[in-house]
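Here's the structure, in structure tokens; my notes come after.
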Amino acid sequence: MMRRLGFVFLTAVLLMLAPLAAQAAAGPIQLKDFRALVRIESPRFSPDGQQIAFLTIRSDFVHDRYVATLRVMDTTGGRSEVLVRGMRGLHMPRWSPDGRTIAFISTVGKQRPQIYTVPATGGTPEELSDAPNGVEQFAWSPNGETIAYVTPDNSPFSAKDLRTHHDLFTIHDDDYQITRPPVPSHVWLLSLKGGKARQLTHGTTSVLEAAPPFGGGVSAPSWSADGHWIVYTQQANAHDADTDRTSIAAVNVATGAQHLITQQRTYEYTPRFAPKGDALAYLYPHGPGPISNMDLFLTSPEGGTTRDVSADLNRNLAANFAWLPDGRGLVAIADDHIGVKLYVQPLQGQGHALDLGDLNALQVAVSSRGALAVVADGDTHAPELYLLSTPSGRPTRLTDFNHGFDAYAYPRSVEVQWHAPDGTLNDGILTYPIGYQPGKRYALVVYSHGGPEAASSKGFDTGEIGPLRDLFAADGYLVFEPNYRGSDSLGNAHEHAIYRDPGIGPNSDVISGIEMIEKKGIVDTSRIAAVGHSYGGYMTAWLISHQHFWRCAVVADGAVDWTEEYELAGAGNLAWTRDSLGGTPWDKQSVELYRTGSPITYAGEITTPTLILSGTADITVPITESFALYHALSSRHVPVEFIGIPGAYHSPQDPVHRELYYRAINKWVVKYLSR
């Protein structure tokens, strides 16, 4: 009885203290608070449209990994049911056509990733595939009897070759960290009745498996509604810097005969069949050239006529688009000003944005009934899963995993617009510090996004800036995120304006944006910092080598030498550099731009205290460029610190390194702006 009374008393006390705890938590959010953030990914409707499968991703700081949980919930809302928890590398959940099971990719023990299935009502996952080299993507056939999956070919070297070091190989367009010969990936078919797998595609071409230069992305094979065809993005070879050399290929499921859909041989991505008929949509640049919006094109598996159905939308469409169930239109995500919008693009006529209020669309799925499942967030709203019963409906929140983040005090962020000296219209985000007082002047942090075919948007711990916007505002600083020319949020002309103008034009955009903010009388002009990642790191290095009012700077995974980008990088950056600068370092029309457009050329002019960060395994922007910038500063006794992130590619891939990365940036900026 005493134990029971103690429990009741303690419960009562906790209930009384709960409002006080919530009030105490209403201060600015801190870096460690983001450890509790739950990310939501891969929503997929059941075939009948009544349930949604999705993943929740949590940070496990003890084991330094991200842990995915597969969940299912009714579209009417309520509690989600856990189907699978804790399996390593769990991703890509897909319903079987009959709705009875959900397949996904995961890794058990030391084996390569395989396809597993679990009953939709719950149960023990079972291994479905047995691909010796692992499964990269997969897709159910319309009748549910076959799964198409992608797996790499075997190495050309035998175990004896490797043991005796007979393992020399030819290098072509590959990144500087390559250690083995690249092998193509191909489509295989797994029969669920017989359990046998057969290879469908062959040869030296490959299914696209590395990041493209500008837009599009890696995607699973797509089945036609009648099950006769599979389409996929075919790369001309297996070399990771040739991801511009892509075409949409159609393969006959019965015979294995395949052909390319169009006469193009570059920059075609993410083909998807309509749910009815044989219409086929894919992404291709609007033009001129690849430095432009990615538009939705329409064709058929037989090829022939192609049509740009989103030409008039004038937005750069992301790779995660989806068909509407009637096959008369598609839903796509694109940056727009300082937000990320969801668009409906009919096959005939003008596309339009859906009304999501102050939410940013992150991922979308479409049901057989025409409902939309949208993962969305905002600058003061942590991500949750929302439902639109129809594309014209208002979003209803289905999940509540991140309600604890509602208690914090967040800064105010607004859109600002200005014209550069040459008349170019730009926009960006201006965030006011927590506790902002009119009439007072504040230190300013200028954060340049990467890409540059991307944009800064008012997301919650999304994009490269992550938690820094909130952290800098909590430190008492203004934060300015300019969408300089090359950004994809203001239409095709604004994005293309960076062609053969990597530094001078964007520099004028950023500097004129700073001047616009200074005219508001709110900036302490003696305390301005420049921060950026990737192309934003390039912009930061350019800015501090051409202006000298900066108090400090941070260059994270920053490109500073275009020749090294062309010669050493993978992940499509050879093509990105060549097509952005109008040629190779050896072409007469572009050779000088490789020198004059590289910040390393002017590094001897830098006097700003600079923090440099780079992943040791970065193949997108090789760490060699960070070494060059570091020595250019340290040799002249400019205050500089160079931090390497072990094993990281183009940004930290684990929660501990991610937190340490943002902490180092915040600490460096505070060190100089607080003086």
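The values are calculated or read from the model by the stated rules, or taken from the named source; none is laboratory data. Keep in mind it's a predicted model, so treat the numbers as computed, not measured. When we count neighbours, we look across all protein chains shown, and the Cβ atoms used for this are built from the backbone with ideal geometry, even at glycine.
Numbers for the structure displayed
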{"item": "Residue count for segment 227-245, restricted to those that are of a type in the set (A, V, I, L, M) and closer than 16 Å to residue 302 by Cβ", "result": "2"}
{"item": "Residue 440 in contact (Cβ under 8 Å) with a residue 24 or more places away in the chain and buried (at least 19 other Cβ atoms within 10 Å of the Cβ)", "result": "no"}
{"item": "Residue that is nearest to residue 570 (Cα to Cα), among those in segment 602-622 that are surrounded by fewer than 24 Cβ atoms within 10 Å (Cβ to Cβ) and among the small types (Gly, Ala, Ser)", "result": "617"}
{"item": "Given (1) surrounded by fewer than 22 Cβ atoms within 10 Å (Cβ to Cβ); (2) outside any loop (DSSP other than H, G, I, E, B); (3) small (Gly, Ala, Ser), index of the condition residue 571 fails", "result": "(2)"}
{"item": "Residue pairs meeting the criteria (Cβ under 9 Å; at least 6 apart or on separate chains; first under 18 Å from residue 431 (Cβ atoms), in segment 506-530; second surrounded by fewer than 18 Cβ atoms within 10 Å (Cβ to Cβ) and of a type in the set (Gly, Ala, Ser))", "result": "521/439; 522/439; 527/674"}
{"item": "Failed criterion for residue 418 (all others in (1) more than 25 Å from residue 362 (Cβ to Cβ); (2) in contact (Cβ under 8 Å) with a residue 60 or more places away in the chain; (3) crowded, with 24+ Cβ neighbours inside 10 Å hold)", "result": "(3)"}
{"item": "For residue 589: the one exception among (1) within 22 Å of residue 244 (Cα to Cα); (2) of a type outside the set (Val, Ile, Thr); (3) within 30 Å of the chain's Cα centre (by Cα)", "result": "(3)"}
{"item": "Only listed residue being of a type in the set (D, E, K, R), touching a Pro at 6+ places or on another chain (Cβ under 7 Å), farther than 20 Å from residue 113 by Cα and modelled with pLDDT of 95 or more, chosen from 161, 242, 153, 174", "result": "174"}
{"item": "Selection within segment 316-342 - assigned to a strand (DSSP E or B) and farther than 19 Å from residue 457 by Cα", "result": "322, 323, 329, 330, 331"}
{"item": "Subset of segment 350-386 (residues that are closer than 22 Å to residue 402 by Cα and either of a type outside the set (A, V, I, L, M, F, W, C) or at pLDDT below 95 (or both))", "result": "357, 358, 360, 363, 377, 378, 379, 380, 381, 383, 384, 386"}
{"item": "Any hit, segment 387-407, residues being within 17 Å of residue 54 (Cβ to Cβ), within 23 Å of the chain's Cα centre (by Cα), crowded, with 16+ Cβ neighbours inside 10 Å and of a type in the set (A, V, I, L, M)", "result": "yes"}
{"item": "Which numbered condition residue 126 misses (of (1) closer than 30 Å to residue 50 by Cβ; (2) surrounded by 14 or more Cβ atoms within 10 Å (Cβ to Cβ); (3) outside the structural domain of residue 222 (by TED's automatic domain parsing))", "result": "(2)"}
{"item": "Number of positions in segment 574-595 that are crowded, with 23+ Cβ neighbours inside 10 Å and in contact with a Gly (Cβ under 8 Å, 6 or more places away or on another chain)", "result": "1"}
{"item": "Unique match (being in contact (Cβ under 8 Å) with a residue 40 or more places away in the chain, small (Gly, Ala, Ser) and either over 29 Å from residue 475 (Cβ atoms) or touching a helix residue (DSSP H, G or I) at 6+ places or on another chain (Cβ under 8 Å) (or both)) among 68, 53", "result": "53"}
{"item": "Every pair of residues 6+ apart whose Cβ atoms lie under 8 Å, when the first sits in segment 477-497 and is under 16 Å from residue 448 (Cβ atoms) while the second is assigned to a helix (DSSP H, G or I) and among the basic types (Lys, Arg)", "result": "479/469; 481/469"}
{"item": "Strands (runs of 3 or more DSSP E) enclosed by segment 128-234 - at least 1 residues per element that are more than 28 Å from the chain's Cα centre (by Cα) and not charged (D, E, K, R)", "result": "146-152, 185-191, 197-199"}
{"item": "Some residue of segment 552-562 being among the acidic types (Asp, Glu) and surrounded by fewer than 24 Cβ atoms within 10 Å (Cβ to Cβ)", "result": "no"}
{"item": "Positions within segment 636-675 being of a type outside the set (A, V, I, L, M, F, W, C), outside any helix (DSSP H, G or I) and in contact with a helix residue (DSSP H, G or I) (Cβ under 9 Å, 6 or more places away or on another chain), in sequence order", "result": "636, 639, 641, 644, 646, 647, 651, 652"}
